[in-house]
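Notes for the one structure printed next.
The values are calculated or read from the model by the stated rules, or taken from the named source; none is laboratory data. Bear in mind that the values here come from a model prediction, so they are computed numbers and not experimental data. In this analysis, Cβ positions are derived from the backbone assuming ideal geometry, glycine residues included, and neighbour counts consider all displayed protein chains. All accessible areas refer to the heavy atoms of the entire protein, side chains included, with ligands and DNA or RNA removed. Shrake-Rupley method; radii C 1.70, N 1.55, O 1.52, S 1.80 Å.
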Amino acid sequence: MTAVTTGTPTPTPSVGRAHTRIEGRDKVTGAARYAAEVPFDGLAHGWLVLSTVARGRIRAVDAEPVLAMPGVLAVLDHRNAPRLDTDYIGLLGTRPDPTCAVFQHDRVPHRGWPVALVVAETSEQAREAAEALVVHYEQEPHDVGFRSGHPDAYALDSHGPAVTEKGDLAAQLAASAVVVDAEYTTPEEHHNPMEPHAATARWEGGRLEVIDSNQGATWVVGELANLFSLDPASVRVRSEHVGGGFGSKGVRAHQVAAVMAATVLQRPVRVVLTRRQMFSLAGYRSPTAQRVRLGADADGRLRALEHGSLSLTSTVHEFVESSAGAARVMYDADAHHTANRVVRLDVPTPTWMRAPGEAPGSFALEAALDELAEKCGLDPIELRLRNEPAKGPVSGLPFAGRNLPACFREGARRFGWADRDPRPGLRRDGRWLLGTGTAAASFPAGAAPSTATVTAHPDGGFTVRISAADIGTGARTALTLLAADALRVAPERVRVLIGDSDFGPAMIAGGSMGTRSWAWAVTAAAAELLDRLAHGTGIPPEGITVRSDTAAAIGALPPAERHSFGAQFAEVAVDTATGEVRVRRMLGVFAAGRIVNPLTARNQLLGGMIWGISMALHEEAVRDRASGGHVGADLAGYHVATHADVPHIEAHWIEDHDPRDPVGIKGIGEIGVVGAAAAVANAVWHATGVRHRSLPIRPDRVLTDTGGARPGTRTPPDGGAPDA
Ligand code: MOS
């Protein structure tokens, strides 16, 4: 037995101090392995074959000639693949997403649907054979044309109800001194992380093992166990390093196909998606068409607020981009109506993409607020301050901290907002027209039950085990700092192991809830361990391990509106002769609870804001109506902001401490993008005097838009066609 030496003296707190990534050196030296790089003996390679038609049935798969090709081991398709159980209730209390239940039927629901997996000795042989596989289809007419007013649209609940209605909208609009009524559109957007989706599956001693790239190892275990009718204890999923996720890395076709092939062949099988395949199989953000109606008194007080959003989903699975949700948190009005609707089209299933709902929703709502400020002759910040709600506009619940006004005050001071002339189209710098804009941001601060273990070792070190995922956010480092403080030791004495489902159930890296949820579990286990050590006699060689489970504590949280808030500012330059828009500077101030690691937190917030530039000016997946597929499904054809597009950006945060909150962390993964596109679009109006209500604000739109279009007169963002 070793004497207990832990716990004293208390070192300087680690939380709140900048710390480089624990695995940073491994990443830059190439020592950190991504899912497709982990070596396996006897590995076979699977290559997915995707449908070339947008709707129909598979008539025949000419497997024979392909099976004769070099190295080919198998062709799996709907005729011979293992059967899956799709009749279970999944993670979110809903039926499984049949998007990943591949090779179960002959239906083709969209172009890019997996119709076969070719398995071969090498990746090159698998690809060669997959590209040679001839599949015959019975083609049916398809509809990929998203547009507002689509006759098949219907209201669809997501996490909240599809429709919320309070008060008499028509009466309040009629009684309003000022009314804004406009339609805003956002295009199909993709969250292709740098590391492609990849999974290797093998059976080992009666256990299914999957090396994967995902946002939650126990989530993937649960879905695979359900689909393959396995005991979850007989499935282990690991993802030690993940090169980005943004909502796209859940359970998808390639993991399921890899497990099928490993089961059939009884050897390890790896399936990696290509960048092009990711555009069909990794999920994406639906385009939206949003109508916002605001009615206000002359002093800007809102009497009426209506936010309706239409998005699309596939014929396979119902997913709603709940853009109308933003208004349920941000602003109250005597009449307050919100509605999320979808239309099912012959397209791949959209999914959560960073700030799902809030990102496009905040563009429409915050642009409409800017239009209202203009009409009222009010400063846009003042308009927002006059409409700060005392409680949740729809829920009626109290806010657990709402520091939006403080964000605006601090942002205005740092950005230099006070001297702004509100009139548009007045400032010039050579060929450029200059303008500034602002917008508000919010994102829910939730927590989900998680388990963790903390082990005290005789040498004074500690090991934390939690099935968390570090998708590039710095989660591993944040948890190390949190655990160090909870254990009252320096971070060097704490080793945090993550990305292994055998560590027990934990929240996914998603919904901006990862760090908040995991921190809760880790600090609870650490506190109990310290208590145990204080009352014990010593640490045996195997250590002392304490396990925590936060389910009860989270269940006991009083209901409240818990959110992060933020104020976004942008300055743009617009060349009206070429249509070029350049963001010159951006500044965001956020109230996001306790900031664990300022270095990686700033990185997260800046990344979100840069995504906002991208959303405002560049991103747009163009779907060809005739083929039902993408034009330019790669990172050359799909434009994202790169270095030259990113100017001076600052992200700051303010004190946002709620003494009643047991964790104090709110989450910063998504709020950085919320409101950012609106701030840019509002700045473009301030520069030019023209409202751009359709994203992205492409050069051709700058050249041709007049900003006067009425709702319903615009071409939807489904084919990349210029506005009517
Ligand atoms: Mo995120 S879209 O919750 O991974």
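Which is farthest toward the positive dipole end of the chain among Leu426, Trp219, Pro541, measuring Cα position about the Cα centre, with Cβ charges +1 (Lys, Arg) and -1 (Asp, Glu)?
Leu426
Can you compute the charge dipole magnitude of segment 92-201 about its Cα centre, using +1 on each Lys and Arg Cβ and -1 on each Asp and Glu Cβ, nothing else charged? Give it in debye, rounded to the nearest 20.
220
Net charge near Arg585: determine it from the other residues with C-beta under 10 Å of the C-beta of Arg585, scoring Lys and Arg +1 and Asp and Glu -1.
-1
Given the Cα atoms of the chain, and with Rh set as the inverse mean 1/r over their pairs in the Kirkwood sense, what is Rg to Rh to two decimals?
Here the Rg-to-Rh quotient is 0.98.
Accessible area per residue, 1.4 Å probe, Å², for the chain: what's the number?
37
What ranking do 56-68, 261-273 get when scored by the average of other Cβ atoms within 10 Å per residue, highest first?
261-273, 56-68
Rounded to the nearest percent, how much of the accessible area of the chain (1.4 Å probe, protein heavy atoms only) is carbon and sulfur?
Whole-percent figure for carbon plus sulfur exposure: 52.
Compute the signed sum of charges (Lys and Arg +1, Asp and Glu -1) over the other residues within less than 10 Å, Cβ to Cβ, of Glu619.
Net of charged neighbours comes to -2.
In debye, nearest 20: dipole of segment 503-652 around its Cα centre with unit charges on the Cβ of K, R (+) and D, E (-)?
Taking the Cα centre of segment 503-652 as origin, the dipole is about 280 debye.
Restricted to Cα positions, what overall size does segment 425-481 have along the principal axes? Three whole-Å values, descending.
Dimensions of segment 425-481 along the principal axes of its Cα atoms: 69, 26, 17 Å.
Using the alpha carbons of segment 22-123, what is the convex hull volume per residue in cubic angstrom, as a whole number?
179
Please report the orientation-averaged projected area of segment 356-501, defined via the convex hull of its C-alpha atoms, in nm².
14.3
Can you tell me the alpha carbon radius of gyration of segment 213-260 divided by the globular rule-of-thumb value 2.2 N^0.38 Å?
The reported ratio for this selection is 1.10.
Which number comes out as Rg/Rh for segment 541-603 once both Rg and the Kirkwood Rh are worked out on C-alpha atoms?
That ratio is 1.29, to two decimals.
Write down the percent of antiparallel bridges among all DSSP beta bridges whose residues are both part of segment 542-687, to the nearest 5.
DSSP beta bridges in segment 542-687 are roughly 70 percent antiparallel.
For the chain, what is the calculated [θ] at 222 nm in deg cm²/dmol (nearest 500), taking -39500 (n - 2.57) for each run of four or more DSSP H residues and dividing by its residue count?
The helix contribution divided over the chain gives -7500 deg cm²/dmol.
Send over the semi-axes of segment 110-169's equivalent ellipsoid, whole angstrom and largest first, taken as the square roots of 5 times the C-alpha gyration tensor eigenvalues.
With the √(5λ) rule applied to segment 110-169, the semi-axes are 44, 18, 8 Å.
Find the Rg to Rh ratio for segment 107-220, where Rh is the Kirkwood radius over alpha-carbon pairs and Rg uses the same atoms.
That ratio equals 1.14.
Just how large is the dipole of the chain about the Cα centre, in debye to the nearest 20, putting +1 at every Lys and Arg Cβ and -1 at every Asp and Glu Cβ?
With only Lys, Arg, Asp and Glu charged at Cβ, the dipole is about 860 debye.
What fraction of the DSSP beta bridges in the chain is antiparallel, stated in percent and rounded to the nearest 5?
Here the share of antiparallel DSSP bridges comes out near 75 percent.
Over the Cα atoms of segment 145-285, each weighted equally, I'd like the Debye log10 I(q)/I(0) at q = 0.19 Å⁻¹, rounded to two decimals.
-1.11
Report the relative contact order of the chain, percent, no decimals, based on alpha-carbon pairs under 8 angstrom and at least 6 residues apart.
18
Which is farthest toward the positive dipole end of the chain among Ala182, Trp518, Leu487, measuring Cα position about the Cα centre, with Cβ charges +1 (Lys, Arg) and -1 (Asp, Glu)?
Leu487
To two decimal places, what compactness ratio does segment 497-639 give when its Cα radius of gyration is scaled by 2.2 N^0.38 Å?
Cα Rg divided by the expected 2.2 N^0.38 Å: 1.62.
Which percent of the Cα-Cα distances in segment 481-549 go past 18 Å?
43
Can you give the Kirkwood hydrodynamic radius of segment 396-460 from its Cα pairs, in Å with one decimal?
Averaging 1/r across every pair of different Cα atoms and inverting gives 17.4 Å.
Can you find, among Met278, Leu156, Ala567, the residue sitting farthest towards the positive end of the charge dipole of the chain, where Lys and Arg contribute +1 and Asp and Glu -1 at Cβ?
Ala567
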